[in-house]
C-alpha cells in the first residue's frame, strides 16, 4: 500500500506529547445524526448497520464533518458492537431504542460458546478503514476504534443498554470466574480487531471504555482496567506506513482512576469526561511520568477531552467562553524541564455529540479552540 | 413534645466522629419495593403519592425494614420531589415511567413564577416525621431528607428523569442567570423544609444531590455545591429534643470533589458512591481536618457508603466478602492522635437498593457489617 503524505499531523504529535502550534480538536461521534447530510446518507442506507457495513457509505459519512469543520482528525464510522455481532449474538438497532442482541450471555453454557470471531466477518470494517484512509488523501489522520472488553461485556450480558447494569454485575459478583472468561475472549478479539484496523491504515486507535465508570473501585481495576491493559499489550506499535500508532483509552466516569491508568495502561493518551479538572489531571500525569523517569515503557503523556457536549446548546458567546475555560483549566501547554516529556492536550467532548446539536455551534467551538490555544502559546512567550 | 430515650445511638455517634463499638448501617431506599410487605401496603394505598401523603402508611412502611433487619437508623418514607410538587408543578408517577411534572421550568416566565412554597402544603411530611418518631419509640434515630437544589432543578427543568440532562444544562449554559434564580428559590425552600422536619422530630438530615455528578467540574461547584452550602447555612443545629442534628450530604458521582466539599460544606457526613475508594476518601477528610485545625467551623468527619447495591444479587458468601472489602477499604476505625477528630464510617449502599433485591441477602449484609466491624476493632487492640 502507498499512502498520501499527511498534511496535518497536529493531532498525532499531540498524542505523542510533542509540542503543537495550537490544540488539536476532534469530536466523539462527529459523523452523526446532528448533521443533515448524515441523516440523508443514512436514509439512503436504510438502517444504521446498513450504513456501517457499506464501505462507500461509511467513507462518505466519515468525511462529512471534515467538510464543515476544521477538525484535526477523522474517526472511522462504525460501532463498538461489531465484535459481539460477529460473535453471533445477533445485533439489531430498533428505532428509538438503541442496540439489542438476540442472545444474551448470562450462564456457563453461553460463556462456553464464546470465541474470538473470525475476522473475515469484520472485513467490512477493515475495508472501510482502507477506503477512508484513501479518501482522506492525507488531510488529517484516521482514528480506528473498538469498545473495551468490559464495555462489550455489558452489552453482551445485558442484551441492550441498561440503567443499572444489574445482569452484568450479578454475573460479576456471583460468578467472577465466568466474567473473567468473557473478558479474556473479548480482550483477545479487540486486540486482533484493532491490529487489523492498523494494518488497513488506521493511524491511531482508541479503546472506548464507555461503561468502566459504572464499576466499583476495585472491580474497575479487576474487570475493566486489567483487560484494557491486555488489549494494549497485544497491539502493533507501527502502522502500515511504518509510523507509530498512538493509543487512546477513554473511560467515561473514570476520573478517580487516572493514577491506576498511568500505572497499568501502555497507552499514549487518556480521555477524560467533563467531571475531571484538566489542570488536576495534568498534574497526575506529570507526577506519574516523573515517578517513572528512566523507565522506558509506554506511558500516557496526553489528555483528551473534555467539554460537556451540552455546552453546544448555548449561544455562540457562551460556547466560546466554555471552550476557553477548558483550555484554561489545562493551562498553557509546554513548560516541562528540558529532557522530560510534556503533557499535551487534545480537545474533545467528554462524550459523543448530541443528535440535537446545531452544526453552527460546532463551527464556533472549533474556531475558538484553534484561535484561543494559539493565543495561549504566544502569550506565554 | 416528649421523646422516648434513644436505645441505639450508634449511627448518631458515628455521624459526629465519635467512636462506636461497630460500624452502623442503614440503606438508602430501605423502605421499598424489594420488600413484599411494602408492596402490600402500597397496593392498599393505590399509588406512590397515596403512600407518601398518608401519615399512617408512611409510618408503617418506614418501620417495615426495621422489623426484618438490625438497621441502625430509620429514614422518613417520602420523595425528594415533594417540594417542586408543592410549588405547583404537578407531580405524577406513571407506572413503569418514574416521576413526571405537568409544567416545566425552562424560560424567564416560568422562573419568575417560582417561589418558596407554603409549608402548609407539605404538612403531611412533617406529620409523618412526628408520627414515625413516636412509632420508633427510641429504637433507632430518624433521618429526614430533601433533594439538593440542583437535583430538584434537574427534575423541574427536564420535567422527568433524563439520560442527558439536555434541557437543564441548556438553561445552565445559555441562561446561567435564570438557573441561579431557580437554585436560590430551591435552596431556601429546602432549608425551610428541612428545618420543619427537624422541628417535627428528625434526628439527622440528609441532602440527596443525586444528580450533582452529571455536572462538569466548575459547573458543579457553581450550580450544585454552592446551593447545598446555602441550605446548610440556614439549618437548625439542634432538634426538638435539644440534641445536635447531624447533616449528611450525598453527591452521587461526586467522588472527584470531596476536597471541595470539605472546604465548602458545613456538614457532618459525606456520602460516597461505590466508585470511591474509602481509604483514599478517609485520607482526604483527615488531611482537610488537619489543615483546618483550630478553626471551629462545622466540617465533615464521617463517610457514608458505599457498597454497590448490585452486590446483593450475589450468593451470601459473596455478599459477605464484598461487605468485608468495603470495611477493609475504610480500614480499622480510630487511630487519630489524641485531641484530633477521628474520621468515622457509616455503612450504606452507594445508591438506593434495587427493587429486584432478595430481602434475605440484606440480612447477610447487615450481619456481616456488624460482625466484621466488631472484629476489626477487637483485632486492633
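Considering segment A:328-350, the residues that are in contact with a helix residue (DSSP H, G or I) (Cβ under 9 Å, 6 or more places away or on another chain) and in a strand (DSSP E or B) include one that is nearest to the other protein chains (Cβ to nearest Cβ), namely A:349. Against the numbered list (1) in a helix (DSSP H, G or I); (2) away from chain B (no Cβ under 14 Å); (3) under 23 Å from residue A:13 (Cβ atoms), residue A:360 comes up short only at (3). Number of residues in segment A:298-314 that are more than 22 Å from residue A:283 (Cβ to Cβ) and not in a loop (DSSP other than H, G, I, E, B) equals 5. Restricting B:266, B:226 to those that are away from chain A (no Cβ under 13 Å), part of a loop (DSSP other than H, G, I, E, B) and within 30 Å of residue B:126 (Cα to Cα) reduces the list to B:266. In segment B:233-248, the qualifying residues are those that are in contact (Cβ under 8 Å) with a residue 60 or more places away in the chain and outside any loop (DSSP other than H, G, I, E, B), and the one that is farthest from the other protein chains (Cβ to nearest Cβ) is B:244. Beta carbons closer than 8 Å, at least 6 apart along the sequence or on distinct chains, pair a first residue in segment B:77-105 that is at positive phi with a second that is outside any loop (DSSP other than H, G, I, E, B) for B:90/B:101; B:98/B:160.
Only a single criterion out of (1) within 14 Å of chain B (Cβ to nearest Cβ); (2) in contact with a strand residue (DSSP E or B) (Cβ under 6 Å, 6 or more places away or on another chain); (3) in a loop (DSSP other than H, G, I, E, B) is not satisfied by residue A:202, namely (1). Restricting attention to segment B:10-39, the residues that are assigned to a helix (DSSP H, G or I) and in contact with a helix residue (DSSP H, G or I) (Cβ under 9 Å, 6 or more places away or on another chain) add up to 3. Just wondering, is there one or more residues in segment B:153-162 that are in contact with a helix residue (DSSP H, G or I) (Cβ under 7 Å, 6 or more places away or on another chain) and under 27 Å from residue B:55 (Cβ atoms)? Scanning segment B:153-162, I find at least one residue that is in contact with a helix residue (DSSP H, G or I) (Cβ under 7 Å, 6 or more places away or on another chain) and under 27 Å from residue B:55 (Cβ atoms), so the answer is yes.
None of A:287, A:367 is without any contact (Cβ under 8 Å) to a residue 12 or more places away in the chain, in contact with a helix residue (DSSP H, G or I) (Cβ under 9 Å, 6 or more places away or on another chain) and assigned to a helix (DSSP H, G or I) except A:287. From the list B:35, B:6, the lone residue that is in contact (Cβ under 8 Å) with a residue 12 or more places away in the chain and crowded, with 20+ Cβ neighbours inside 10 Å is B:35. Under the condition of being within 13 Å of another protein chain (Cβ to nearest Cβ) and either in a helix (DSSP H, G or I) or in contact with a strand residue (DSSP E or B) (Cβ under 8 Å, 6 or more places away or on another chain) (or both), the residues counted in segment A:206-223 number 9.
Of all residues in segment A:154-190, those satisfying the criterion of being crowded, with 23+ Cβ neighbours inside 10 Å, away from chain B (no Cβ under 14 Å) and under 26 Å from residue B:316 (Cα atoms) are A:156, A:182, A:183. Of everything listed in (1) within 12 Å of another protein chain (Cβ to nearest Cβ); (2) touching a residue at least 40 places away in the same chain (Cβ under 8 Å); (3) surrounded by fewer than 24 Cβ atoms within 10 Å (Cβ to Cβ), the single unmet condition for residue B:325 is (2). Exactly one residue out of A:353, A:284, A:307 is under 18 Å from the mean Cα position of the chain (by Cα), within 14 Å of chain B (Cβ to nearest Cβ) and farther than 23 Å from residue B:222 by Cα: that is A:353. Of the residues making up segment A:269-281, just one is more than 9 Å from every other protein chain (Cβ to nearest Cβ) and in a loop (DSSP other than H, G, I, E, B), namely A:272. Filtered by the rule that a residue be exposed (fewer than 14 other Cβ atoms within 10 Å of the Cβ) and in a helix (DSSP H, G or I), segment A:40-55 gives A:40, A:43, A:44, A:50. All of (1) within 14 Å of chain A (Cβ to nearest Cβ); (2) in a helix (DSSP H, G or I); (3) closer than 29 Å to residue B:210 by Cβ hold for residue B:317 with one exception: (3).
The numbers here are math on the coordinates, done by the rules we state, and not lab data. Everything quoted here is computed from the prediction, not taken from an experiment. Cβ coordinates were reconstructed from backbone atoms using ideal geometry, including for glycine residues, and neighbour counts include every protein chain displayed.
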